[in-house]
Each structure stands twice: as C-alpha cells, then as structure tokens.
Amino acid sequence: MSSVPGQSSEPIFFPLDQGERASHMTVSQLLPRAVYENLAQMLKESLPDLGGVTDHDDSERFVRDRGHMTIFLDGDRGTGKTTVIVNLPQYLEADGVRERYEGLAEAVHVLKPIDPSQLEDGDDLFLNVVVAAVLGDKQVKAQRDEKPELWQALHESLQKLGSALLGKETQSDGVGLDRLRAFMGTQELVGAVHDFFQKAAQLLGKRLLVLPIDDVDTTLHRAFENLEVVRRYLVSPVLLPIVCGDLSLYHEVTWRDTFRRLTVDVAHYHEQAKPFAESLAHEYLRKILPLHRRLRMPEVGEFLGNYNVFLGVENRAEGTPRLVLPELESWLRALLAGAVNNNENSRLRIPISTIRALSRYLHQI
C-alpha cells in the first residue's frame with residue numbers, strides 16, 4: 001500500500017526498545033523526516049557569506065546583518081522535539097543529505113542542546129549557560145592544542161565578554177561616572193557576544209554555529225527573561241538558535257508578562273490593558289520567532305497512518321513478518337472497539353496522544 005501524500009517514501013524503522021531515549025542509532029529510525037528536511041534547508045539558507053570579509057569591517061557587517069533568524073520548533077509535550085535536535089547532526093551527516101545539501105555538514109557545527117533549567121537560582125542571565133555550552137563543547141576543547149593561536153583569540157574574546165557581563169551586573173550598583181561606565185559596558189555586550197561566537201566558529205573552521213535550546217518555556221518563572229536573552233544577544237550572523245517549545249505556552253508567558261508591566265502602577269486598568277497586552281505579545285513573538293522560521297511537529301496520527309513506518313530494527317532475519325504502524329492502529333482499534341461500523345460515534349479514539357506515549361507502549365509490549 002502507498003503512503004499518505006506528502007509523507008516520505010523512504011522506509012522508517014521504529015525501534016521497539018526506544019523507550020525514553022532521544023538519541024537513535026541510525027538515520028533510518030528518525031520519524032519526522034519532513035521536519036529534518038526543512039531544518040536542513042533553513043540551515044543552508046542561513047549560512048553567512050564570509051567572502052571578502054576581514055576582521056576590520058566585521059563589526060560593520062554585524063550591525064548591518066543583525067537580525068532575528070531563530071528557528072522555532074513548535075510542538076506539545078512528547079511530540080519528539082528533543083529527539084529532532086539531538087539527532088540533527090547525525091541527519092546532516094547522512095549520505096543522501098550530503099548529496100542534496102553539498103557542503104552543509106562541513107560548514108555547520110551543531111552544539112549540544114542546552115536546557116534553561118540548568119540556570120542556578122543565584123544566576124540571573126541565561127547567557128551564562130549559552131557561553132558555557134560553547135566552551136564545554138568537545139570539538140571546541142579539542143582545538144586547544146591543534147590551533148593555539150585561534151584558541152588564544154577565543155580566550156581573549158571570552159575575557160572581553162566577561163568584562164561586558166560584569167558591567168551589566170554592576171550597572172545599578174554604582175553612582176555617577178561609575179554607573180555611566182557600567183552602562184556603556186552593557187552597550188558593548190551584544191558586540192562582545194557576537195565576537196565570542198565568531199571566534200568559536202573560526203576555531204572550529206565552521207561558517208555557522210547551531211545552538212538548540214530545549215523548552216525555554218519549562219522554567220516558567222524565568223521563561224520571559226530567557227526569551228529576552230535570545231532577543232537581545234543571540235543575534236550574531238554566525239549563530240543560529242533553534243528554540244523548542246509550545247507556541248501557545250510561549251504566548252501565555254509573554255502575554256502575562258506584558259500585562260503585568262502595563263498594569264503594575266495603574267489601578268483599574270486591567271480590562272483596557274488586555275487587548276494591548278495581547279497585541280504586544282503577538283508582535284513580540286513575531287519578531288523573536290519569525291513566522292517563516294517556525295516548524296510544527298507532526299501529530300502522532302500522521303505516523304499511525306504512514307505505511308512506510310515499520311516496527312522493529314532495520315536489519316532482521318529475511319522472511320520475518322514485519323508490522324507497519326497503520327496495521328498496529330487497526331489492531332488497537334479492533335481490540336478497543338470490537339466489531340463496529342464506525343457510525344454514531346462508535347469509532348473510539350486510540351488513547352495514544354504523543355510519540356512519547358507510543359514509544360512507551362511499544363517498549364512494554
């Protein structure tokens with residue numbers, strides 16, 4: 001039987017022992033192929049043009065090209081967002097992808113996903129976690145002895161970034177000229193962040209660093225602050241953030257913060273402020289998460305209807321029967337509802353709402 005129009009014709013093998021693991025052994029086990037393909041296309045389009053650019057005019061190029069090109073991976077809990085960003089480097093290395101996007105794997109370095117919940121209670125800036133993720137990358141640390149000059153340049157850039165961060169943290173502590181100097185240091189912070197990412201990319205010999213940020217919205221009491229870090233600082237042409245989360249929850253967090261700021265000093269203004277807060281929240285998310293850079297994770301029903309998704313590993317004994325997901329769906333419906341004609345609401349919904357739930361179910365049978 002053929003697959004649903006628009007679905008990948010390549011066979012996908014859903015491992016029965018996947019469980020809670022986000023990483024896969026082979027590319028053939030990756031489910032949302034359309035999402036991976038769209039990500040690869042966006043990465044290709046996001047590669048900065050470094051031809052003829054020198055260190056002298058890089059600051060001007062940064063000001064000219066500065067903008068929000070963040071990719072947003074939208075999906076409910078358990079739809080497989082973490083699995084996508086964890087396995088993105090492996091997908092880019094696949095032979096077929098290398099042929100379709102020649103040179104992309106060599107030009108891009110995907111950092112390990114970072115989690116805003118790593119921010120300690122005493123810290124007040126998610127940017128600290130971002131910088132630590134770059135410095136802690138295995139490939140970055142491996143270049144220390146191989147490229148000492150570029151490593152030294154990265155270290156010097158880090159020192160400048162640290163000074164700029166210190167200026168931000170002490171901005172409200174000083175008075176007079178001290179406070180003015182601290183404020184001027186915060187104005188240099190964006191440029192220092194860009195210079196740090198650029199030095200890291202040069203150290204790796206890459207044109208673009210990809211930074212997956214997993215579920216900014218999970219740390220609710222800091223969700224808007226973390227979004228502000230993405231808006232203010234993660235705008236370097238050599239850095240591409242991939243933010244994961246639930247768009248409706250992002251909007252709720254942004255709307256509530258905007259509403260609180262509008263009404264904090266004004267009594268009896270709540271009803272009038274609501275439409276303003278709604279409008280401002282929509283515009284804020286449009287700016288930081290551009291509409292054309294948003295990808296929606298498929299619902300589990302799309303996979304249950306795909307005859308190209310096989311259960312079990314790819315390499316198995318020849319002649320062994322193999323079940324596809326639509327056959328599993330039919331078996332579950334027969335088990336739940338028995339012999340029904342699907343009329344008068346007799347077709348029951350299968351209680352498997354997400355890919356995570358499906359993985360857990362297959363792991364137990």
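Per-structure values
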| read-out | value |
| --- | --- |
| Nonlocal amide H pairs with L240, under 5 Å, H built at 1.01 Å | L209, V210, L211 |
| Whichever lysines have a C-alpha closer than 26 Å to that of K199, once near sequence neighbours (fewer than 8 apart) are set aside | K44, K112, K138, K141, K147, K160, K168 |
| Amide H contacts under 5 Å for D215, placed H, 5+ residues apart | C244, G245 |
| The range 239-248 - phi-based ³J(HN,Hα) in whole Hz, Karplus 6.51/-1.76/1.60, Gly and Pro as x | 10, 10, x, 10, 9, 10, x, 9, 4, 5 |
| Dipole magnitude of the range 227-296 about its Cα centre (Cβ charges: Lys, Arg +1; Asp, Glu -1), debye to nearest 20 | 320 |
| The range 70-121 - accessible surface per residue (Å², probe 1.4 Å) | 42 |
| Pair L332, H270: separation of 7 Å Cα→Cβ label points (nm) | 4.2 |
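The values are calculated or read from the model by the stated rules, or taken from the named source; none is laboratory data. No experiment lies behind these values; they were computed from the predicted model shown. Please note: Cβ atoms are built from the backbone with ideal geometry, for glycine as well, and neighbour counts cover all protein chains shown. To get the accessible areas, we keep the full protein, side chains included, count just its heavy atoms, and leave off ligands, DNA and RNA. Shrake-Rupley method; radii C 1.70, N 1.55, O 1.52, S 1.80 Å.
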